[in-house]
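Structure first, commentary second.
The values are calculated or read from the model by the stated rules, or taken from the named source; none is laboratory data. If you're wondering where the values come from, they're calculated on a predicted model, not measured in any experiment. Reconstructed Cβ throughout: ideal geometry from the backbone, glycine too, with neighbour counts over all protein chains shown. Side chains included, ligands, DNA and RNA excluded: accessible areas come from the protein's heavy atoms. Shrake-Rupley method; radii C 1.70, N 1.55, O 1.52, S 1.80 Å.
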Amino acid sequence: MTGGSSVSFHVLQLSQGIEPEKLLFKTAALNNCIVFKYPNFNDELDSAAESSEDMLPSEVFVRPIETGLYVPHTTTAPRAGGYAVYMRGKNYKAVLDELFGIDMASQEEATLHDLAVLDAIDSIPSLDAFLLKIGFEAERLSIDPRYLKINEDEEAQIRLLIGGRIEPIIRKALGIPEGVGQRIERFLQAIWHTDMPEARLFVTAFGIEQSEAEPVFGAWKGITFYEYQLRRLAPPIRNIVKWLKSPDCLPIDLRAHKMFETNLLMYIEKVGKQIEGALNDIRSILGEYETCFRTFMEGNPHPFREFLRTVRQKYWLMGYCISALNSLVHTYSRFMRQAVDKKLFFESMYDMLRQFDVALDRRREQRAAF
């Protein structure tokens, strides 16, 4: 897998050296897989969004990202070939049973554990360790920390950022004045433990069903997490865009491929527009969030209520965009190791653009996830 950690979770690699009783899955073969995310945009997404005005998020939600499992034929050479299982596909249950012996109807503890792990992974739009951790926590799953290599200081910083973004809204919505600490602490804890009554009280205050507390809080936290990620991604993405617009992106041996120059320039332009499209989607979501937050604090709760009612769609779209940009940074860094004075040879340049295109293409086939 070449898209970076946000789009692939290398269970096979991470399982090396972990004691059998602490492996991620109870079904041994699943510990030899690589989990990946791939875009699955379709016309249903647009039509659902258009009809969402009077419906709950769960009634209209269509995900733009899906989850797959890649199982190599040989664990020592995972790139040499294997087979893929697409979660939530039409034959997903039968394939799990046939390949791994997992019976969806079974009530055995090992089966229930593995299905809960798969559901937790499938419930988030990207495979960042922080999101995986809160996904596993939501399912009450105890996962060996060696699968989730999270810097404790960074995790604390992200949780503090999320709490800081949400606290003023909680105070405003529930009329909790500044300086009243004990009650607000309970509501901030409910962000991470949505079975607490404070979580249900909060979503009810916005006219959202209590059953939606978990997905609404999860998506809200996710958007704030991606906002944090964007801060780190912005400088390298700006460098990539700047490089694509500069003479440095023209291959060293372009003269030897003069007949393909026009096609290459068109490809560069296409990728540039795709990058801008992803950035525009992110700006739109964050801009709407800021506007809704401001109007809410000014005393008008309606826009923020509507934002929360469709927050899952926004979360998943933002997850796709951030993951795509993460893949670009990862790919660019890898190819530029071959560069000579910031220039690549034609074949390398074309290959890099192709990988950019794959990462940014919303409607590509599932097989292109590799």
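Brief remarks follow.
- Projected label points at Trp192 and Arg79, each 7 Å from Cα along the beta carbon direction, are separated by 3.9 nanometres.
- Acute angle (nearest 10 degrees) that the helix 152-174 long axis makes with the longest principal axis of the chain, alpha-carbon atoms: 50
- Cα coordinate range in the chain, projected on the principal axes (Å, largest first): 70, 52, 42
- Dipole magnitude of the chain about its Cα centre (Cβ charges: Lys, Arg +1; Asp, Glu -1), debye to nearest 20: 1300
- Take the Cα of Glu139, go 7 Å toward its beta carbon, and the backbone nitrogen atoms of segment 197-214 under 17 Å from that spot belong to 214.
- Length gained when the stretch Arg183-Arg88 is fully extended (0.36 nm per residue, less Cα-Cα span): 30.1 nm
- Loop-located GluC sites (Glu not before Pro) in segment 172-242 (DSSP state not H, G, I, E or B) with no more than 11 neighbouring Cβ atoms inside 10 Å: Glu178.
- Listed residues Tyr86, Tyr350, Tyr267, Tyr289 arranged by accessible area, highest first, probe 1.4 Å: Tyr350, Tyr86, Tyr267, Tyr289
- Carbon plus sulfur fraction of accessible area for segment 245-349, probe 1.4 Å, in percent: 56
- Helix 261-297 and the longest principal axis of the Cα set of the chain meet at an angle near 10°.
- Label-to-label distance for Met104 and Glu306 is 3.7 nm, based on points extended 7 Å past Cα in the beta-carbon direction.
- Cα-based reach from Lys37 at 21 Å (exclusive), listing lysines while leaving out same-chain residues under 8 positions away: Lys90, Lys93, Lys133, Lys149, Lys221, Lys314
- Ligands, DNA and RNA are left out, and with a 1.4 angstrom probe the accessible area of segment 260-320 is 47 Å² per residue.
- On Cα atoms only, tilt of 109-122 relative to the major axis of the chain in degrees: 70
- By accessible area, using a 1.4 Å probe on protein heavy atoms only, segment 141-222 has 50% of its surface on carbon and sulfur.
- Cα lying deepest toward the dipole's positive end in segment 192-290, options Ser246, Pro197, Phe225, charges on Cβ: Ser246
- The chain - percent relative contact order, Cα under 8 Å, separation 6 or more: 21
- Here segment 121-223 has an Rg and Dmax of 14.2, 42 Å, counting Cα atoms alone.
- Annotation for segment 95-133: GluC sites (Glu not before Pro) lying in DSSP loop with at most 13 further Cβ atoms inside 10 Å of their Cβ are Glu108.
- Cα-based shape type of segment 276-370, given that a ≥ b ≥ c are square roots of the gyration tensor eigenvalues and the cut on a/c is 1.5: prolate
- Across the protein chains, with a 1.4 Å probe defining accessible surface, the residues Lys149, Lys273 rank Lys149, Lys273 from largest area downward.
- Equivalent ellipsoid, segment 178-257 (semi-axes from 5 times Cα gyration tensor eigenvalues, Å): 48, 15, 9
- Residue separation of Asn151 and Ser246 scaled by 0.36 nm, minus their Cα-Cα distance, works out to 30.6 nm of gained length.
- GluC sites (Glu not before Pro) within segment 244-338, DSSP loop, no more than 11 other Cβ atoms inside 10 Å: Glu298
- Other residues within the sphere of radius under 13 Å centred on the Cβ of Ala110, judged by their own Cβ, net out at -4 (K and R +1, D and E -1).
- Listed by chain and number, the lysines placed with their C-alpha closer than 19 angstrom to that of Lys343 are Lys242, Lys245, Lys258; residues fewer than eight positions away on the same chain are left out.
- Label point at Arg255 placed 7 Å out along Cα→Cβ; residues across segment 311-353 whose backbone nitrogen lies under 11 Å: none
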